[in-house]
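This report refers to the structure that appears directly beneath it.
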């Protein structure tokens, strides 16, 4: 935990005092699609391949260093333990992951691999619903699930590749691992792989 935080602080400070740093700041907006997989109970992915959309705003401060804010929305369904439960209504539900972090680009050319590290909050929401199951005697039992919110906090670290297509447009893909650091949780619980387009906005 302490080591990961130190790595984040290191990324935030790399080249901050470099004499030849490029100070022409600008923003980049990215739209992504792909997969976010989480092992937290209650919700599961609709599928394992294309289940998420994401929006990212990136602030390029130096030639090789940037800061980003990202939101991932995942399409989910309620986890059915062994298909024993039958639902009478389909409640509203979603999983939203918000992130803040830093990226360090390893090259300054048109093809730019990078490292990234960030802090995340995963929000799981399930609205109220009614369901039933059958006991060993075949009798039906009804249950009410009340509205529920769950929050998980984690660190993500990963790698990515940005490829310049035109003057202000580039293709971007990145892969991240997520590690929870709260309460009784302290383990890797998920990953994401997202690909999309980014557009440069001059500051």
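FYI, it's all coordinate maths here, none of it is from the lab. Just so it is clear, the model here is predicted, and its values are computed rather than measured. Quick reminder, even Gly has a Cβ in these numbers, built from the backbone with ideal geometry, and neighbours come from all protein chains shown.
Odds and ends about this structure:
- In terms of packing, defined here as the mean over residues of other Cβ atoms within 10 angstrom, the peptides 95-106, 132-143 line up highest first as 95-106, 132-143.
- Packing here is the average count of other Cβ atoms within 10 Å per residue, and on that basis the peptides 109-115, 29-35, highest first, run 29-35, 109-115.
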